[in-house]
Amino acid sequence: MDIVKKNLLSILCGVVAVAAILAIPLYINAQKKDLQTQLDARKATHASIQQIQGRQRHLPIVSTDPNATAPDLGVFPGPAVIKAGEDAIAQVQKQSTDLEQAAVKMNVHTPLLPGSLPVPMDTFKFQQAYGDEMRKAIPVKLDAATPPTDAEIKDKIAQKEKELTDLAPKNNANGEVFDKDKLQNEIDQIHATLPDQLRRAAATEHKLYMAADGALSVDPDISTGGMAQAVTPEKVWLAQLGLWVQQDVVDAIVDLNKNSKTVADSTVKQVVRIEVSPDRDIYVLPSGTGATGTGATATPSPLGQAAASPVAANAATDPLPRDFSVSPTGRVCNGVFDVVQFSVALNVQASEVNKVIQGLERNRLLTVYQSDLQAVNSLELQQDGYYFGPHPMVTLTLKCEGLFLRSWTRPLMPPAIKQYLNVQEPAPAQPTAMAN
């Protein structure tokens, strides 16, 4: 015990030394683990840096081609490159805005009468203006004619007979014609030649044929041809919509025939029929809404009743729905535009069918989605007074789809139409901040 007491300090130092020796591996392991953790973190940072440095970078896509590929970026995106990207984004945004404005300018239509929509101040004035437009203004714009009827030819012959008889020399005593045989020969000549002259005059003095009744779709509730009766704002809107559709077709035909002077010269030689529904089934709604089917096969719910399910939201940035069960193009009414369908039948020169289709679609939000051709027997129709010229003819029947942008139609729609189409006021546009 004395030895222990005398060497206690030495013993304690030895214990401490042994403990230190035993603790060294633990310390080293802890340090090693900590160093490994730091090393792994730095390795990950290094790998991230290498990944960033080696990553393939691309410039922004500014093409409207959906299949366009992004061009490679050959340098690291420093401030100059980022600025160039921001400029490209701003350019695309401006192009998008300009394109939207151009589409609206192309698509916007003017109501027939100021103040007639959304709630007409005087439906009688609208009805009168509508009748004048359909029966007078459009035929004049097309420079259209119809072959004279048998009754018209008979009246013209009778008029010519009277003129010849009045001008023939007469015996002053009894008023009889001196040379009756000569007069009769002249009258016979009139009977033989005047009908063909009158029929040919319709073809040489006008650009195309169009029947006065039946070629255009005239809403019977709006233009009755007699005493006008008050109609609802919804009927005024639908009549105006149908008129806009037909005016688009008429404008296209006028442009196609702009260089012609006679029917034989014209690309479109006869407007056989422009078929536009006067009811709400003109609209192409998504399946499952208030109307079943489209066009003539649609079964709409009562006017003023909303669709069975919402047609669309009302923001320009909403995705555009596609529904191929109701339209070959898949386009249906939505928050950006409404879709209407109609058909056109024209007698045209066979070699210019493609030109006619392209002319209808040019500078208009109009699509021809189905076409049908039927040969025309020009000689047979010539017996009825139609002189189309020497070129082969076809009847071109087209099924078409037109778009009407809600940015300008929304303020003109009557309340019941808005309810039917679920038209809502768009939310205010939110400013977007450019990322630095």
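The values are calculated or read from the model by the stated rules, or taken from the named source; none is laboratory data. As the structure is a computational prediction, the values presented were derived from the model and not from experiment. Quick reminder, even Gly has a Cβ in these numbers, built from the backbone with ideal geometry, and neighbours come from all protein chains shown. Note: accessible area is taken over every heavy atom of the protein model, side chains too, but ligands, DNA and RNA are not part of it. Shrake-Rupley method; radii C 1.70, N 1.55, O 1.52, S 1.80 Å.
Looking at region 112-143, which of its residues are part of a loop (DSSP other than H, G, I, E, B) and either in contact with a helix residue (DSSP H, G or I) (Cβ under 6 Å, 6 or more places away or on another chain) or at positive phi (or both)?
From region 112-143, those part of a loop (DSSP other than H, G, I, E, B) are 112-122, 143; that's our starting set.
Across region 112-143, the qualifying residues are L112, L113, G115, S116, L117, P118, V119, P120, D143.
Applying a threshold of 8 Å to beta carbon distances and a minimum spacing of six or more residues, or different chains, the list of pairs starting in region 94-106 at a residue that is touching a residue at least 24 places away in the same chain (Cβ under 8 Å) and ending at one that is part of a helix (DSSP H, G or I) and surrounded by 11 or more Cβ atoms within 10 Å (Cβ to Cβ) reads V104/S407; V104/W408.
What do you reckon, is V339 in a strand (DSSP E or B) and either open to solvent by less than 50 Å² (accessible area, probe 1.4 Å) or at pLDDT below 95 (or both)? Step through it out loud before you land on a result.
Details: in a strand (DSSP E or B): yes; either open to solvent by less than 50 Å² (accessible area, probe 1.4 Å) or at pLDDT below 95 (or both): yes.
Taking the combined requirement at face value, the residue satisfies it.
If the condition is being touching a residue at least 60 places away in the same chain (Cβ under 8 Å) and either assigned to a helix (DSSP H, G or I) or open to solvent by less than 60 Å² (accessible area, probe 1.4 Å) (or both), then region 144-172 contributes A144, A145, P147, P148.
Scanning region 222-232 for residues that are buried (at least 16 other Cβ atoms within 10 Å of the Cβ) and either more than 22 Å from V344 (Cα to Cα) or modelled with pLDDT of 90 or more (or both) gives A228, V231, T232.
Got at least one residue in region 102-114 being surrounded by 14 or more Cβ atoms within 10 Å (Cβ to Cβ), under 23 Å from the mean Cα position of the chain (by Cα) and polar (S, T, N, Q)? The answer is yes, given that some residue of region 102-114 is surrounded by 14 or more Cβ atoms within 10 Å (Cβ to Cβ), under 23 Å from the mean Cα position of the chain (by Cα) and polar (S, T, N, Q).
So that you can scan it fast, the table gives a plain yes or no per residue for (1) at negative phi; (2) under 23 Å from the mean Cα position of the chain (by Cα); (3) assigned to a loop (DSSP other than H, G, I, E, B); (4) at pLDDT below 85:
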residue	(1), (2), (3), (4)
T262	yes, no, yes, no
P286	yes, yes, yes, no
T289	yes, yes, yes, yes
L303	yes, no, yes, yes
A307	yes, yes, yes, yes
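Helices (runs of 4 or more DSSP H) fully within region 351-409 that include at least 1 residues being under 17 Å from A103 (Cβ atoms), open to solvent by less than 70 Å² (accessible area, probe 1.4 Å) and in contact with an Asp or Glu (Cβ under 7 Å, 6 or more places away or on another chain): 406-409. Of the residues M134, M121, the single one that is hydrophobic (A, V, I, L, M, F, W, C) and within 30 Å of M210 (Cβ to Cβ) is M134.
One residue alone among K154, K141 is over 29 Å from the mean Cα position of the chain (by Cα) and among the basic types (K, R), and that residue is K154. Any residue at all in region 423-431 that's in contact with a Leu (Cβ under 9 Å, 6 or more places away or on another chain) and either at pLDDT 95 or above or buried (at least 16 other Cβ atoms within 10 Å of the Cβ) (or both)? Taking every residue of region 423-431 in turn, none turns out to be in contact with a Leu (Cβ under 9 Å, 6 or more places away or on another chain) and either at pLDDT 95 or above or buried (at least 16 other Cβ atoms within 10 Å of the Cβ) (or both).
Among D255, D196, D179, D188, which is the only one that is among the acidic types (D, E), modelled with pLDDT of 90 or more and open to solvent by 40 Å² or more (accessible area, probe 1.4 Å)?
Being among the acidic types (D, E), modelled with pLDDT of 90 or more and open to solvent by 40 Å² or more (accessible area, probe 1.4 Å) holds for just one of D255, D196, D179, D188, which is D255.
Of the listed requirements (1) modelled with pLDDT under 85; (2) open to solvent by less than 10 Å² (accessible area, probe 1.4 Å); (3) not polar (S, T, N, Q), I274 misses just one: (1).
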